[in-house]
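Please read the structure below before turning to the comments.
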Amino acid sequence: MRVPLTWLREYVDVQLTPEQLAERLTLLGMEVQGIEQWGADWRSVVVGELLTVEKHPYADRLHVTTVNIGSGEPLHIVCGAHNIAPGQRVPVALPGAVLPGDRRIERTEKMGIASEGMLCSGDELHITADAEGILILPAEAPLGRQLSDLYGDTVLDVDVKPNRGDALCLIGLAREVAAATGAALRWPEIAVEETGRPVGERLRVDVREPELCTRFVGRWVSGAAIGPSPDWVQMRLQTAGMRPINNVVDASNYVMLELGKPTHTFDGAAVHEGTIIVRRAVRGERLETLDHVKRELTEDTLIIADPQGPIGIAGVMGGAESEIGDHTTEIAIESAIFDPVSIRRTGHRYALRSEASLRFEKGQEFRLARIGADRVTQLTLAWAGGSVAKGRIDTAPAEPDPSRLAFRPRRVSKLLGAEVTAAEQRELLRRVGIETEEAATAQQIQVAVDPKPLAVPAGEDQVLVATVPTWRRDLAIEADLAEEIARVRGYESTPAHLPDTLMPAYRPSSLRVREMLRETLAGAGLTEVVTHALVSSLDEARLVWPEDTSEPAMLGNLAAQSGDEIVVTNPLSAQHSVLRRHLAASLLDVLSLNERQGRGDVAVFEIGKGYARVDDAPREWTRLAFLMSGAAEPASWNRTARPYDLDDAKGIVELLCQRLGLPAPSYVPDSRGFPFHPGRALVARAEEGPTALSGRIAEMHPDLLARWDLRAQRVIVAELASPALDAAVPARVRVEPMPRFPEVERDLAVIVAESHTAAEVEATIRRHGGALLRGLRLFDLYRGAPLAATEKSLAYRLVLGARDRTLTEAEVDAAVAGVRSGLESEIGAHLRT
Amino acid sequence: MDFESLSADLRALQQRALDEASAAPDPESLELLQIRYLSKKGEITTVLRGIGALPPGDRPRVGAIANGVSEAVKAALGRREAELHAEVQTLRLASERVDVTLPGRPRARGTLHPIPETAACIAEVFGQFGFVVYEGPEVEDDLTNFQMLNIPPDHPARDLWDTLYVDIPGHLLRTHTSPGQIRVMQSTRPPIRALLPGRCFRYEAVDASHGFEFFQVEGLMVDEGTSLADLKGLLDEFAHALFGPRKTRFRPGYYPFTEPSVAFDVECLVCGGVGCPACSRTGWMTILGAGMVHPVVLQYGGIDPERYQGFAFGMGVERIANLRHAVPDLRYYLENDLRFLEQFR
Ligand SMILES: [Zn+2]
């Protein structure tokens, strides 16, 4: 809310500088987000007096004037306005002046006559709404003075929180200033001179929805003359950020800013039979609102109507037909209290939220309906003339007493962690208008209210009863009073104290394992990325990453990590409209972005979530994905470049398994083809214990790279699942004693048909090696002469040994022979030693 | 043959052997000299064959001289061998000289993203004060995200959170990590010290300081006497841990789920409190919101608000990371341009 300080000072004395005031308000919870110098953009605009005004010799529509600016020779200025006459004081923009909107004023020539500056309209200065005539200043405006000295202001931009609707006005903020400084609050004098016939002869009000309109106060003014408001009113409204319209509408807006009471003024002639009906709209009813949009009204909309139909949407916006116009003379004034929820829903439904509806939504002090009606009537009369009908229509004239709230000073101290005596608490509350007294009878303490009310007996503690001012609708429970006490006392005086109560039980952190894996991956050369969870539905369709359900074995003991896409029903853009199920597409996007920045060597990983719906319930799981493309080892003066390949990705997965205390993963080929390279895709699995890991590793299909417009020739992507990513603790290492007897190494070159995979060969060796085979490592892979084209040779180093003895030559030979015959008989291998 | 001529022969032999040893050009010629003089068929042995012709009294004296000659030759050969070795080694080392100022063989190392790193850093600080990590779902229900946090439907405070809704009835993308408070309270008993990091979503157009996906860390502490003073003490420690010794400020804030509510500021990291555009000329930067858990929220968590009280705080991870690393634009984080990420070495 914009708060012009000159206006604020009408209600409270302020001795502080704007900066000091801003700080005090901020520390009181009324955060000042900015301090603006109003009029700072009227540079070199001074008060001048018109000496002569004559017709321009060559242009009918222009005048040539001489202007005295208090010093030096009078200036000759050409001007197009018609409201000027000698003797008037006017704002003069001197050559070199800069007006709002960065408009520069220079010495010019207009139709052959030199012009040494410009006379300004209110609109050009953003002071009033008048763009036609020159702004005529009061006769006592001192000649030559900078206009900003006279009409400049300081405007505080105060962020009033949603619970403090009462402070969304000058009076409300003046109350806060008074609380902060101890100064007295000055209410405007509100008195209405009633000279007309009784209001009942002009206006009838029929509230048919008393739940939604708890009070309606109506007044009537006859014989008003519509025109611009006085300049000072327009200036105030402009400074506060509201555009002046006419004297009657301005009176309504002025009261909204002054008292926080939105009211509405109707052209009385357009209110048929002088009858206002507050009701719900009927299906099919239409209304053209003030913004000249024709709206179809829904049945749950609360409207203001006359016997012929709607004339306004209650609390949100009036109708165009009953708008105050130039020829209006009869004015019906509405000052009502509407149900906040109904107003809020209506504002949302029509995407129409006004300054008025924002205030209604936050709830209104009940008595403001009466006070607001009187104040608008008073100002209308003052600014537009006419006569006021006698009395007011009031559908609920009984104003409730302030509510009373019991609290325990000791409990307040305990919440704040500071000893504040009951006497101090009472004094602090008094500063914000809350009177207190000792409880005379046993009291219930309101600990919580809706939506989960709780009241408890006060018990042994001292109890005070606070009388809550009617405007403080936010104070309903004991803790609310604690906050009042704390903020008036100053949060700064809260002592700082480190918690010394019991610690919670140990709990393993999900971050710890992730941190370990992240460090491992970074150490292995991959850079971490964090990408959007919301993706384009096209992205997922474009990728067709296979569903994990098609490979039930792959999931091991993991819960199903699949389901239907979760769709955002109000997305910001199609680009980010569904929750991703896989991370792979996001990583391809990262590669694409970096390729466009000229980066071809990309190795990135992400630990993030996948999301899906299963039976209308959301499901989330954590994944680890990585992507490699370009050079694994970029060329250097001491090394030639080496591109990333599938083996690098498998090496990373093997490294992760090591970090998680898992056995080496097993690999199963996946030759489905698109989106994978049909010969370079696999499912990896290391299933043991709570940290089991499984997932896919694949070089992507060239057609997929084309879909992503990637330049890279080869892109390897892996996406892995493991409970370790969600706080499962990796298996503990169990140490085996070092072997006491020497182990023996034997090398075997296994020549097999290409159709047999390395995994098969290795499994066969392990099966036949028995307990003596303590280690196995593939150290060479050979194809070519003298082997047949359909063959390959895999060279393994076997480590043989026993825990309890040194193996004899014969034992070793027997073991190797067993492996050899197993390989020969089971996969048709032949061997070279 | 007599003693005199025999010993003269030996001395001559010694001299010759020593001369030849010191002149030997390489280890191979040393090998030959070794054989020629010192082997069983070597010249010293040959000379000693004449010892039988000497009177028995002279024989030991000749033997001693011969031993001396043998030792001297052996020593000379050894010396020369060492010399030759040193020469060869010096030459080899000289030939192996490299330009040590050349750069090394690069080791690929990736970098860690500042968002999880900052979250981990925050968790580390609060971990020292006994806060343990929980994580809640990102697709939340309206009840937990709003209603149980004392934000009923159609409450004006809902304007503080522009929400993205999903096609599962009653569900939305959580707008903050605060629903985690409810989940923690429902799953454990006081004393509670919980930390909830995670991704959040809002219906918000993207610019340099806003995004529709962002990260928060929520904290919750509940016990019998947990007070605003505890909150202040803890937040002071936190600010000092992350931003070094600088002033902090505690002022009223507003959240429906805390009462009293707090905004926590640190002295501007750019201007040090004098006032600059970065801090809107106030000298302060707000780093988080906090407050005493509202009794309604405690009740929804299954905790008796008459017996227990507690505080909660929530902060934007990007905000903290921005301040720590002077990141000028929020969009950098989810864009993943390697030129940005690789700066976090
Ligand atoms: Zn600053």
- Message: Per residue of the stretch B:113-124, what does 6.51 cos²θ - 1.76 cosθ + 1.60 with θ = phi - 60° give for ³J(HN,Hα)? Whole Hz please, x for Gly and Pro, Karplus curve as stated.
- Response: 5, x, 6, x, 5, 5, 4, 5, 5, 5, 5, 5
- Note on the structure: Note to self: C-alpha centroids of the stretch B:75-129 and the stretch B:164-201 sit apart, in Å, by 49 Å
- Message: Using a 1.4 Å probe on the protein heavy atoms, what percent of the accessible area of chain A belongs to carbon and sulfur?
- Response: 50 percent
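Filter the GluC sites (Glu not before Pro) in the stretch A:446-505 to those in DSSP coil with at most 15 other Cβ atoms within 10 Å of their Cβ, and list the result. Provide the component values of the computation, followed by the final result.
Values: sites: A:GLU460, A:GLU478, A:GLU483, A:GLU484, A:GLU492; in loops: A:GLU460.
Those that pass, being in a loop and sparsely packed, are A:GLU460.
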- Hand me the trypsin sites (Lys or Arg not before Pro) from the stretch A:64-135 located in a DSSP loop with no more than 14 other Cβ atoms within 10 Å, in residue order please. A:ARG107
- Rg to Rh for the stretch A:1-79: what is it, with Cα atoms only and Rh by Kirkwood? 1.28
- Using alpha carbon positions and the Kirkwood radius, the Rg to Rh ratio of the stretch A:403-490 is 0.92
- Task: With the convex hull built on the Cα atoms of the stretch A:739-833, state its orientation-averaged projected area in nm².
- Result: 5.8 nm²
- Tally up the carbon and sulfur contribution to the accessible surface of the stretch B:115-344 as a whole percent, 1.4 Å probe, everything protein left in place. 49 percent
- If ligands, DNA and RNA are left out, what is the accessible area of B:GLU87 with a 1.4 Å probe, given in Å² to the nearest 10? 100 Å²
- Expressed in angstrom, Rg and Dmax over the Cα atoms of the stretch A:202-357 are 14.9, 45
- Looking at A:THR265, A:LEU572, A:TYR254, which one has the Cα that reaches farthest to the positive end of the dipole of the protein assembly as shown (charges on Cβ: Lys, Arg +1; Asp, Glu -1)? A:LEU572
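Ignore the peptide's own chain and count Cβ atoms of other chains within 10 Å of each Cβ in A:513-519; give me the average, rounded. It would help to have the intermediate numbers written out before the result.
Values: counts 0, 2, 6, 0, 0, 6, 2.
Going residue by residue through A:513-519 and averaging, the value is 2.
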- Query: Mean 1/r over all different Cα pairs, inverted: what Kirkwood radius does the stretch A:605-703 give, in Å?
  - Reply: 15.5 Å
- State the dimensionless ratio Rg/Rh of the stretch A:343-450 (Rg: radius of gyration of Cα atoms; Rh: Kirkwood radius). 1.12
- Can you give the longest stretch of chain A with no exposed loop site, where a site means chymotrypsin sites (Phe, Trp or Tyr not before Pro) in a DSSP loop (not H, G, I, E or B) with at most 15 other C-beta atoms within 10 Å? A:59-505
- Query: Using a cut-off of 16 Å between alpha-carbon atoms, which aspartates and glutamates can reach A:LYS390, once sequence neighbours fewer than 8 places away in the same chain are excluded?
  - Reply: A:GLU193, A:GLU194, A:GLU201, A:GLU330, A:GLU334, A:ASP374
- For the stretch B:325-345 the residues that are at least 20 Å² less accessible with all protein chains than alone, 1.4 Å probe, are B:LEU334, B:GLU335, B:ASN336, B:ASP337, B:LEU338, B:ARG339, B:LEU341, B:GLU342
- Hits among lysines - C-alpha to C-alpha of A:LYS261 under 16 Å, sequence gap 8 or more where chains match: A:LYS362
- Message: Buried accessible area between A and B (1.4 Å probe, both chains summed, ligands and nucleic acids excluded), in Å² to the nearest 100?
- Response: 8800 Å²
- Query: Mean residue ellipticity at 222 nm from the helices of chain B, using -39,500 (n - 2.57) per DSSP H segment of n ≥ 4 over the full residue count, to the nearest 500 deg cm²/dmol?
  - Reply: -12000 deg cm²/dmol
- If you find the alpha carbon centre of the stretch A:571-586 and of the stretch A:682-733, how far apart are they in angstrom? 19 Å
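Rounded to the nearest 0.05, what FRET efficiency is calculated for A:ARG61 and A:VAL341 with R0 set to 56 Å and r the Cβ-Cβ distance? Intermediate results must be reported in sequence, preceding the final value.
Numbers: r = 56 Å, r/R0 = 0.99.
That gives a FRET efficiency of 0.50.
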- Message: Could you compute how much accessible surface A:CYS79 exposes when probed at 1.4 Å, giving the result in Å² to the nearest 10?
- Response: 10 Å²
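Please report the relative contact order for chain A, taking Cα pairs under 8 Å with a sequence separation of at least 6, and give it as a percent rounded to a whole number.
Numbers: 1723 pairs, mean separation 65.2, N = 833.
Worked out over chain A, it gives 8 percent.
So what is the diffusion coefficient of the stretch B:18-64 in µm² per second by Stokes-Einstein at 20 °C and 1.002 mPa s, using a Kirkwood Rh over Cα pairs? Can you show the working numbers first?
Values: Rh = 12.1 Å.
The calculation lands on 177 µm²/s.
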- Diagonalise the Cα gyration tensor of the stretch B:3-95 and give the resulting equivalent ellipsoid semi-axes, square root of 5 times each eigenvalue, largest first, whole Å. 33, 10, 9
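Hey, which of these cross-link pairs are over 18 Å Cα-Cα: A:LYS414/A:LYS452; A:LYS452/B:LYS232; B:LYS40/B:LYS74? Could the numbers behind the result be given before it?
Working: A:LYS414/A:LYS452 23 Å; A:LYS452/B:LYS232 28 Å; B:LYS40/B:LYS74 14 Å.
Correct reply: A:LYS414/A:LYS452; A:LYS452/B:LYS232.
Mind jotting down a quarter of the surface of the convex hull over the alpha carbons of the stretch B:115-344, in square nanometres, one decimal? Walk me through the numbers on the way to the answer.
Values: hull surface 51.2 nm².
Mean projected area for the stretch B:115-344: 12.8 nm², to one decimal.
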- Note on the structure: Per 5 angstrom bin, beginning at 0 and ending with the bin that holds the maximum distance, the Cα pairs of the stretch A:714-757 fall in percents of 5, 10, 8, 8, 10, 12, 17, 22, 8, 1
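If you take all C-alpha pairs in the stretch A:512-726, what percent of them are over 26 Å apart? Walk me through the intermediate numbers first.
Working: 7394 of 23005 pairs.
Tail of P(r) above 26 Å: 32 percent of Cα pairs.
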- ³J(HN,Hα), Karplus 6.51/-1.76/1.60, whole Hz, each residue of the stretch A:446-454, x for Gly, Pro: 7, 7, 8, 10, 3, x, 9, x, 8
- Message: Test of understanding: express the Cα radius of gyration of the stretch A:43-151 as a ratio to 2.2 N^0.38 Å, with N the residue count.
- Response: 0.96
- Task: Leaving ligands, DNA and RNA out of it, work out the accessible area of A:VAL248 with a 1.4 Å probe and give it in Å² to the nearest 10.
- Result: 0 Å²
- Residue by residue through the stretch B:95-101, which ³J(HN,Hα) values in whole Hz follow from phi under the Karplus form 6.51 cos²θ - 1.76 cosθ + 1.60 (θ = phi - 60°), with glycine and proline marked x? 6, 8, 4, 10, 7, 5, 8
- May I ask you to order B:261-267, B:52-58, B:179-185, A:736-742 by the average number of other C-beta atoms within 10 Å around their residues, highest value first? B:179-185, B:261-267, B:52-58, A:736-742
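Please list, by residue number, every one of the trypsin sites (Lys or Arg not before Pro) in the stretch A:155-251 that is coil in DSSP and has at most 16 other beta-carbon atoms within 10 Å. Could the numbers behind the result be given before it?
On the way: sites: A:ARG164, A:ARG175, A:ARG186, A:ARG202, A:ARG204, A:ARG208, A:ARG215, A:ARG219, A:ARG236; in loops: A:ARG164, A:ARG186, A:ARG202, A:ARG208.
Answer by residue number: A:ARG186, A:ARG208.
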- Enumerate the lysines that A:LYS55 could reach by cross-link, defined here as Cα to Cα under 30 Å, with residues fewer than 8 away along the same chain left out. A:LYS110
- Query: At 222 nm, what helix-only mean residue ellipticity would chain A give, in deg cm²/dmol to the nearest 500, using -39500 (n - 2.57) for each DSSP H run of four or more?
  - Reply: -7500 deg cm²/dmol
- Task: Have a look at the protein assembly as shown and give its Rg and Dmax from the Cα atoms, expressed in angstrom.
- Result: 44.9, 172
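The values are calculated or read from the model by the stated rules, or taken from the named source; none is laboratory data. Remember, predicted model here, so these are calculated numbers, not experimental data. Reconstructed Cβ throughout: ideal geometry from the backbone, glycine too, with neighbour counts over all protein chains shown. SASA here: full protein model, heavy atoms, side chains in, ligands and nucleic acids out. Shrake-Rupley method; radii C 1.70, N 1.55, O 1.52, S 1.80 Å.
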